[in-house]
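One structure below.
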Amino acid sequence: AVPADRGIPWSALAGLLAGGLAEAPGLAGTPPAAFATLGTLDAELAARAGKAAAGDVPMSAALSAAVSAAAEERPLLLALDDAQWVDPETLALLPGLARDAARRPVLLALGVARGAPDDTRFDELRSRLQRDLQGAVVRVGRLDEAALRALVAWALPQYRSEDADRLLRRLERDTAGI
C-alpha cells in the first residue's frame, strides 16, 4: 500500500485481487453473487462472474466466501505490506475475515511501520490475537551487518565475495537495515 491508497475505498482489497487472489485455485467455488461483488473491484473477475448480480452480497461476506473457497483447494497467504496506508474500508473487514477464516489454512500477514499514523486502527485485530484468533504481533528490528551478510549469502550463494560485499554496502545504505 502507498499513502494515496488510504483515500481510495477498497484499494487494498483490489490490490490483493490483482496480486494473485483472483487467480487462486479454488476461487471458482465462490458463490456467484459473492464472485460478482468482488468483480466490481477487478475487471477480469467481473468478466468471469458473467451475469451474476453484484451488490446483493456485502464486500466483507464476498471476500470471506472467496478466501474460504480458495483455502479449500490449498493454503492461502494474504499479505498487506505497509498496511498503515490501507484504506479504511478494507481495514474494517479484516477482523471479520480473520474470524471467518480461522478454521481454514489461511495466513493473514500485515506489515505496519512503527510509529505509523493512526496505528490504533489495528487495535481491534491485535486485541483478538491469542484470545479468539491464532496469531502474534512480531516486532522486527533493524538488521545489523552480520544479519544482512547472512541474508545476502542465503539469497545469492553464487555471488563472489566482492560482489556480495558490494550488495551488502548497498543494502545498508539504501535500507538502513530495515
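Looking at Leu45, Leu27, which is the one that is without any contact (Cβ under 8 Å) to a residue 40 or more places away in the chain and not small (Gly, Ala, Ser)? Show your work before the answer.
On the way: Leu27 fails: without any contact (Cβ under 8 Å) to a residue 40 or more places away in the chain.
Within the list Leu45, Leu27, the selection yields Leu45.
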So which residues in the stretch 107-123 are in a loop (DSSP other than H, G, I, E, B) and closer than 22 Å to Ala176 by Cβ? Gly111, Val112, Ala113, Arg114, Gly115, Ala116, Pro117
The stretch 1-45, residues that are of a type in the set (Asp, Glu) and open to solvent by 70 Å² or more (accessible area, probe 1.4 Å): Glu23, Glu44
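What helices (runs of 4 or more DSSP H) lie completely within the stretch 1-106 and have 1 or more residues being β-branched (Val, Ile, Thr)?
32-39, 59-73, 88-100
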Please find, among Arg149, Arg126, Arg131, the residue that is open to solvent by 50 Å² or more (accessible area, probe 1.4 Å), without any contact (Cβ under 8 Å) to a residue 24 or more places away in the chain and in a loop (DSSP other than H, G, I, E, B). Arg131
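Just for the stretch 158-177: of the residues that are under 29 Å from the mean Cα position of the chain (by Cα) and exposed (fewer than 10 other Cβ atoms within 10 Å of the Cβ), which one is farthest from Ala113 (Cα to Cα)?
The extreme case among them is Arg173.
The values are calculated or read from the model by the stated rules, or taken from the named source; none is laboratory data. Quick caveat: nothing in here was measured; it's all calculated off a predicted structure. Methodologically, a virtual Cβ is constructed for each residue, glycine included, from the backbone with ideal geometry; neighbour enumeration extends over all protein chains shown. Surface areas here come from the heavy atoms of the whole protein model, side chains and all, with no ligands, DNA or RNA. Shrake-Rupley method; radii C 1.70, N 1.55, O 1.52, S 1.80 Å.
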